Amino acid sequence: MSENIYKPHTATITDIQLEAGGARPIRTITMQVDDPEVRPTFFHKPGQFALISSFGTGESVFAIASLPNKDGIVQVSVMKVGNVTSKIHELEIGDKVGVRGPYGNHFPLEEWEGKNIVFIGAGIGISPVRSVYQVALLPEERKKFGNITLIYGARTPADLAFKDEFKELDTRDDMNLWLCIDWKFGPKGPTGESSAEGWPAINMAAPGETVIPEGVNKFTCFVPQLVEVVKPDPENSIVVTCGPPIAIKFITQALEKIGWKSDQIYTTLENRMKCGIGKCGRCNIGDSYVCKHGPVYTHEQVKSLQNEF
């Protein structure tokens, strides 16, 4: 009898971290595949995804946010937005889940040696970005790349994921970290203030003309505006950017405004994937199956697919 390619492997939750609260909380869940013989098969490459099952409820697609490993350890960040994610949020350490994967293509770090890399994450989109910058910042990998810049934004300071990790990254002298929160979510409510305390406002009319005070690396603005403020140099550089589609739209526009070309910009698509292996056709855009040919695409490739949406 042939193997059931849709059957998940059982995994045990080993750690849960609350990244953000509010109406749509985010938890980072770490799990380990139970079968020791299967664990090495879960060695993933940055950008790939897994399908996680809540038994009795269903399964959903999640970007793998952890470092590649051969121990069957899979880490995903889960925003509570639907039935499956709500059930996953109810789970505790020691509970069982199902896991399939890793699936999809990956960010080609091996092709970027000698280049500068700019990582840009918006909201929960920091999760797939994290899987890439974690590898690039490993001691044995860091020397392979030029300048590394990380730009990340969320609605409020409380909504920023991986807070402890960013505190550590902020102390490194081999990368540049820039953070922002949305200006419309000031301390007095939507549009109540132009900036939040400790997060100075940028020049909203002309972000690129903002003067950056010495030692300041966090601002009140949207991520695309912060891109214009930071002005990452496109020369010999690559961008990795992930986030909600509307954020990616304006981030790529901001990058092109300062001289970036479409084939320098890498992102991920979030079409509703089901099987994960290019069988069901649910995620196709024309003849491209996001679960199989993606989820990683250059912006040039995305533009060529737009007529198929």
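Quick look at the values:
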| item | result |
| --- | --- |
| DSSP-defined antiparallel bridges as percent of all bridges, segment 109-268, nearest 5 | 10 percent |
| Considering only the chain, percent of DSSP beta bridges that pair antiparallel, nearest 5 | 60 percent |
| Euclidean distance of C-alpha centroids, segment 94-117 and segment 27-93, integer Å | 13 Å |
| Percent RCO, i.e. relative contact order, over segment 1-133, from Cα pairs under 8 Å lying at least 6 residues apart | 30 percent |
| Charge dipole (segment 160-299, unit charges on Cβ, about Cα centre) - positive-most of ASN176, VAL290, ALA196 | VAL290 |
| Cβ-based charge dipole, segment 9-103, positive-most Cα from ILE13, ILE88, ALA50 | ALA50 |
| ARG24-GLU214 pseudo-label distance in nm [points 7 Å out on the Cα-to-Cβ vector] | 4.1 nm |
| Cα Rg, Dmax, segment 24-97, angstrom units | 12.0, 36 |
| Unmatched cysteines, the chain - criterion: no other Cβ of a Cys under 4.7 angstrom | CYS180, CYS221, CYS242, CYS283, CYS291 |
| Cα-centre dipole for segment 109-268 with unit charges at Cβ (Lys and Arg positive, Asp and Glu negative), debye to 20 | 400 debye |
| Difference of contour (0.36 nm per residue) and Cα-Cα distance, ASP71 to ASP263 | 65.7 nm |
| Directionally averaged shadow of the chain, computed from the convex hull of its alpha-carbon atoms, nm² | 17.0 nm² |
| At 0.692 mPa s and 37 °C, Stokes D of segment 54-122 from Kirkwood alpha-carbon radius, µm² per second | 223 µm²/s |
| Kirkwood hydrodynamic radius of segment 109-268, from inverse mean 1/r over distinct Cα pairs, in Å | 15.8 Å |
| Set LYS257/LYS303; LYS115/LYS144; LYS45/LYS144; LYS80/LYS303 screened for pairs whose C-alpha atoms are more than 20 Å apart | LYS80/LYS303 |
| Mean residue ellipticity (222 nm) of the chain, computed from DSSP H runs ≥ 4 via -39,500 (n - 2.57), nearest 500 | -5500 deg cm²/dmol |
| Antiparallel bridge percentage (DSSP; both residues within segment 193-309; nearest 5) | 60 percent |
| Positive-end residue of GLN134, THR220, ASN116, charge dipole of segment 109-268 with Cβ unit charges | THR220 |
| Computed FRET value (nearest 0.05) for ASP34 with ILE93, which takes r as the C-beta separation and R₀ as 22 Å | 0.90 |
| Cα pair distances of segment 66-185 binned at 10 Å [whole percent] | 10, 37, 35, 17, 1 |
| Given charges at beta-carbon only (K, R positive; D, E negative), |dipole| of the chain in Debye | 800 debye |
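Each reported figure results from applying straightforward, stated rules to the coordinates on display, with no laboratory input. Values in this document were obtained by computation on a predicted structure and should not be read as measured data. We place every Cβ from the backbone using ideal geometry, glycine too, and count neighbours over all the protein chains shown.
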